[in-house]
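Worksheet: the structure to be examined is printed underneath.
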Amino acid sequence: MSDSRRKKPPLVAEKRFGKATAKKTATKRTTKAAPKKTARKRRAAPKRPAKKRNPIVAFFLGIIGWIWRVIWAFTWRIGLVVGLVVGMAVGYVYLQLPDVDELLDGRARGSVTLLDREDKVFAWRGDQFGGAVTAETVSEHLKNAVVATEDRRFYWHFGVSPRGVASAVRINLKEGRGPLSGHGGSTITQQTAKLLCLGEPYKAEDWESEAAYVQDCRQGSLWRKVKEAVYAMAMETKYTKNEILSVYLNRAYMGGGAYGAEAATQRYFGKPAANATPAEAAMLAGLLTKPSSLAPTANLSRSQDRAATVLRLMNEQGYLTDEETARWQANPATLSVAAEENAGGYYADWVMSTGPEFFTRNTTEDVILKTTFDGRIQQAAEDGLAWVFENKVREGSKAQAAIVVMSADGAVRAMVGGRQTKVSGAFNRAVQAKRQTGSAFKPFVYATALDLGGHYDDRVVDEPYCQTIPGSGEWCPKNYTGKYYGDVTLTFALMNSLNIPAVKVSEKAGRENVRTVANMFGIESDLAAGPALALGASESSLLEMAGAYAGILNGGSSVTPYGLVELRLMGDKEPLMGTGGGIGERVISDAAARELVWMMEKVVSEGTGGRAKIDGWQVAGKTGTTQAARDAWFIGFTNEYVAGVWMGYDDNTPLTGVTGGGLPAEIWRETMARVHEGIEPRPLPAFVPKPQAPKARAGQRRQQNGLEGVVNGILKDIFGGR
């Protein structure tokens, strides 16, 4: 409490002027500062009347407000219920999820790896699964490329990206599709959930096939999307981001039959996923959107273009500098040698078809097939074919060709089933096409005659010739040239591919004998029953024909063409089966085979096969052209290899100006010249005829009579004679 009786301190003015003076001065100032005013009341502003709201507007505003309050009341309650349900669903799935280690290795069994004659991988068939990898063990570039391409917000969302879904719906509607058709807006976590089929394992008893199961797992219905989102959120709760990415990297399909990053990196680049360069990583990540069509084995340039886009995305998201991006875009990834060879899979397709189905086409085991394949010879065949079509065939031609190269024992070294060599699963004209053989069949006619005691210099008359065939009338074969050459040797007839002598020799030897010899040499197709058999009226495959010629080269024994050397399960050392072909039983004598080889050498050195000559090498072979030139063949051999070439149209359209001695012989030469590079030439296993005195003609022989004749007769009886 203040004490009013306490003495107040003097003011400053009082100190300076004294108390009385200061009070007087203050009074004057106050009086002067307040001028006199006339007191006057201000009039209050008139009150405005309240504005009345339009009752109709008020009514509708009230209804809208009421509806909004109802909607809001329902919305937050429904949202709460949905949130509780989703939370319970996520919790339930969370409890069902296994440890991440059980999900990493998603390998199914059923792959086939093919090795060449030197035990190097040259092809794969079936689904390939590499070893399990993690986000920490793969190349950092690969991890970054996948995130940049598939889910740039992967490390920040909770399994579902509302922004990504909204963007995908907008794009789909803009492009005229349904909201859930096309772009899905799925995160990497959602894609992983789909790869795991939402945790539903495949059970054979519940599905028509595994393909149906997979198709069901990939469906994009609204209900499936909801379940997928729940599963993804449960995964985000259970696993770390890197664990989810690891599962994805192990299970994603990356084209070419490769599942997972390790299998794909090995499949395309021949290296582990840990060593992938930025260019290789970008190519792999680019496959994830359309793995089949973007696979580098299907279209390398398209895959490289897609990789360039991925590199740009990596740059935009800070994973690569501008300099690094420019460098790797200028030096795109390329396929390994094995991957390139696998792209031309005619040979691999054929070998797969020759093995037991349960260990090849429908195997449930990982299988290793060792084969007779030779990559150098395969490349020679592909290059030889390409060279002839680029330089000798008119541009735009739809004509096709096929090539088979094998050893004398039937070991197939290379196979080209058509002009498009970098394919797999395509129609193989070397094996699947059955075409008339034409004159390429004639060596088996002469083989029969020689084995029955004939010789290369036996004579036959080339002249007009007709036969009456029951049910068909008169049949009169003609030579290709339209000329007749009179009395000729078997060698002359073969090397000039004369038709009438071939028919006569066949009829003399016996058609059934000719059919038997051809069958035993490996021509298993139904052979014509009439005299046209000798002219190649029957159909056969190029592989069969090349195998039959291999029998001539090896001295007259049958040959079963083969490519499979041994089959074993991956991880096993002992094979389950061995070679399925090779040399079989003898068909004609070695002497007959050697004479036939000599006659066929004359076809190339002096006859219709002149374009097949290879400098420094002896070549034997035979041309073949069918009626109306629908098929043209050249099949021949050196001491080292047998090769067959077929050319024609798939729809049987006649070739224009093409015979077996033309383009097929040139394809043969271009192929075999490359095959024999660096090999020391060796002569053919043919007999060498000894010079013989000319045989006296019957009309010129002198009749021996009298004493001279009697003496000679006695001497023959005593010493014998021939």
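The values are calculated or read from the model by the stated rules, or taken from the named source; none is laboratory data. Quantities reported herein were computed from a predicted structural model and do not represent experimental measurements. Here the Cβ positions follow ideal geometry from the backbone for every residue, glycine too, while neighbour counts run over all protein chains shown. Surface accessibility is based on the protein's heavy atoms, side chains included, excluding ligands, DNA and RNA. Shrake-Rupley method; radii C 1.70, N 1.55, O 1.52, S 1.80 Å.
Could you look through segment 576-605, keep only residues that are without any contact (Cβ under 8 Å) to a residue 60 or more places away in the chain and open to solvent by 60 Å² or more (accessible area, probe 1.4 Å), and pick out the one that is nearest to Ala546 (Cα to Cα)? Full working, then the answer.
Filtering segment 576-605 for residues without any contact (Cβ under 8 Å) to a residue 60 or more places away in the chain gives 578-579, 584, 586, 590, 604-605.
So of that shortlist, the ones also open to solvent by 60 Å² or more (accessible area, probe 1.4 Å) come out as 579, 586, 590.
On the way: Thr579: 19, Arg586: 17, Asp590: 19 Å.
Checked segment 576-605; the qualifying residue nearest to Ala546 (Cα to Cα) is Arg586.
Suppose the filter is aliphatic (A, V, I, L, M), open to solvent by 10 Å² or more (accessible area, probe 1.4 Å), touching a residue at least 60 places away in the same chain (Cβ under 8 Å) and in a helix (DSSP H, G or I); does Ala229 pass it? Quick ask: steps written out before the conclusion?
On the way: aliphatic (A, V, I, L, M): yes; open to solvent by 10 Å² or more (accessible area, probe 1.4 Å): yes; touching a residue at least 60 places away in the same chain (Cβ under 8 Å): yes; in a helix (DSSP H, G or I): yes.
Judged against the criteria, Ala229 is a match.
Do we find that Gly159 is part of a loop (DSSP other than H, G, I, E, B), at pLDDT below 80 and open to solvent by less than 50 Å² (accessible area, probe 1.4 Å) in this structure?
Details: part of a loop (DSSP other than H, G, I, E, B): yes; at pLDDT below 80: no; open to solvent by less than 50 Å² (accessible area, probe 1.4 Å): yes.
Spelling it out, it is not the case that Gly159 is part of a loop (DSSP other than H, G, I, E, B), at pLDDT below 80 and open to solvent by less than 50 Å² (accessible area, probe 1.4 Å).
Quick one: which residue in Thr289, Thr297 is part of a loop (DSSP other than H, G, I, E, B), out of contact with any Ser or Thr (no Cβ under 7 Å at 6 or more places or on another chain), of a type outside the set (A, V, I, L, M, F, W, C) and within 24 Å of Arg152 (Cβ to Cβ)? Working first, answer last.
Values: Thr297 fails: within 24 Å of Arg152 (Cβ to Cβ).
Just a single option satisfies the conditions, and that option is Thr289.
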Quiz item: Is segment 450-463 home to any residue that is at pLDDT 95 or above and under 25 Å from Gly582 (Cβ atoms)?
Solution: yes
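What are the residues in segment 269-286 that are open to solvent by 30 Å² or more (accessible area, probe 1.4 Å) and in a loop (DSSP other than H, G, I, E, B), if any? Even if it seems obvious, please write down each step before you answer.
Step one: list which residues in segment 269-286 are open to solvent by 30 Å² or more (accessible area, probe 1.4 Å), which gives 270-272, 274-275, 277.
Matches in segment 269-286: Gly270, Lys271, Pro272, Thr277.
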Quiz item: Where residues in segment 125-153 are open to solvent by 40 Å² or more (accessible area, probe 1.4 Å) and assigned to a strand (DSSP E or B), which of them is nearest to Arg413 (Cα to Cα)?
Solution: Gly126
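Restricting attention to segment 273-295, does a residue exist that is of a type in the set (D, E, K, R) and closer than 16 Å to Ala333 by Cβ?
As a first pass, look at segment 273-295 and keep what is of a type in the set (D, E, K, R): 280, 290.
Remaining after also requiring closer than 16 Å to Ala333 by Cβ: 280.
Yes, there is a match, as at least one residue in segment 273-295 is of a type in the set (D, E, K, R) and closer than 16 Å to Ala333 by Cβ.
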Self-check item: Given (1) touching a Ser or Thr at 6+ places or on another chain (Cβ under 7 Å); (2) open to solvent by less than 20 Å² (accessible area, probe 1.4 Å), number of the condition Glu539 does not satisfy
Solution: (2)
Practice problem: Scan segment 423-447 residue by residue and report those that are among the hydroxyl-bearing types (Ser, Thr, Tyr) and either without any contact (Cβ under 8 Å) to a residue 40 or more places away in the chain or more than 14 Å from Ala493 (Cβ to Cβ) (or both). | Solution: Ser424, Thr437
Quiz prompt | Looking only at segment 653-676, and only at residues there that are closer than 25 Å to Pro561 by Cβ and at pLDDT below 95, the one that is surrounded by the fewest Cβ atoms within 10 Å (Cβ to Cβ) | solution = Gly661
Quiz prompt | Criterion violated by His455 - all others in (1) buried (at least 21 other Cβ atoms within 10 Å of the Cβ); (2) touching a residue at least 40 places away in the same chain (Cβ under 8 Å); (3) not aliphatic (A, V, I, L, M) satisfied | solution = (1)
Quiz item: Do you know which of the residues in segment 173-227 that are within 26 Å of Pro98 (Cβ to Cβ) and among the basic types (Lys, Arg) is modelled with the highest pLDDT?
Solution: Lys194
Quiz item: In this structure, is Val710 surrounded by fewer than 24 Cβ atoms within 10 Å (Cβ to Cβ), under 59 Å from the mean Cα position of the chain (by Cα) and modelled with pLDDT under 90?
Solution: no
Quiz item: For segment 432-452, how many residues meet the condition of being open to solvent by 40 Å² or more (accessible area, probe 1.4 Å), touching a helix residue (DSSP H, G or I) at 6+ places or on another chain (Cβ under 7 Å) and under 17 Å from Val404 (Cα atoms)?
Solution: 0
